[in-house]
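> Sharing a structure below in structure tokens format, with a few things to ask.
Values quoted throughout were computed directly from the atomic coordinates according to the rules given, and no laboratory measurement underlies them. Quantities reported herein were computed from a predicted structural model and do not represent experimental measurements. Glycine gets a Cβ as well: all are built from the backbone with ideal geometry, and neighbour counts include every protein chain shown.
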Amino acid sequence: MKKRKKIHTIKTRKFWLSVILFLVLVTAMYVLMLPQGAVRFAILRSGHPLAALTAKMTTEGYPQDLDDGQIGYVLLDAPYDRDRGEEMGTWLVYRYGMIYVGEYDGH
């Protein structure tokens, strides 16, 4: 009986480990392979986790000309940065091959 319970426990651990790894993989693919995911991850890194989940964004109305491989996003409900004293409304996404990386533009 104990041996059967031990096998069941190992199978359960493997199952949950595979579920967690799958979720991590899907999240990493979303963050790195979609431009909106890169913007959301950049917002999260800047210290605004709620805004990262609820942000509405558009590519229309970006105030600058962009180079090849860049996408500009304007947040419709931008988070407020207390250190700078301004809303963080414009974000820039760079494309490196298949990977997108986002950062705050500062304009």
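> Compute the long axis of helix 2-33 from its Cα atoms, compare it with the longest principal axis of the Cα atoms of the chain, and write down the angle in degrees, 0 to 90, nearest 10.
Between the helix axis and the principal axis of the chain, the angle is about 10 degrees.
> Give me the angle, in degrees from 0 to 90, between the Cα long axis of helix 35-45 and the longest principal axis of the Cα atoms of the chain, rounded to the nearest 10.
That helix lies at roughly 80 degrees to the long axis.
> While we're here: Apply the Karplus parameterisation 6.51 cos²θ - 1.76 cosθ + 1.60, with θ equal to phi minus 60°, to every residue of region 101-107 and state each ³J(HN,Hα) to the nearest whole Hz, in sequence, with x for glycine and proline.
For region 101-107, the Karplus-derived couplings read 10, x, 7, 6, 7, x, 10 Hz, x marking Gly and Pro.
> For Met57, list long-range residues whose amide hydrogen, built 1.01 Å from N in the peptide plane, is under 5 Å from its own amide hydrogen.
Leu76
> Let me ask something additional. What label, among (1) 1.24; (2) 1.02; (3) 0.98, belongs to Rg/Rh (Cα atoms, Kirkwood Rh) computed from the structure on display?
Answer by label: (1).
> Give a residue-ordered list of calculated ³J(HN,Hα) values for region 64-77 (Karplus: 6.51 cos²θ - 1.76 cosθ + 1.60, θ = phi - 60°; whole Hz; x for Gly, Pro).
Working through the residues one at a time gives 10, 7, 10, 7, 5, x, 10, 10, x, 10, 10, 7, 7, 10 Hz.
> If packing is taken as the average number of other Cβ atoms within 10 Å across a peptide's residues, how do 93-101, 39-47, 11-19, 73-81 rank, most packed first?
39-47, 73-81, 93-101, 11-19
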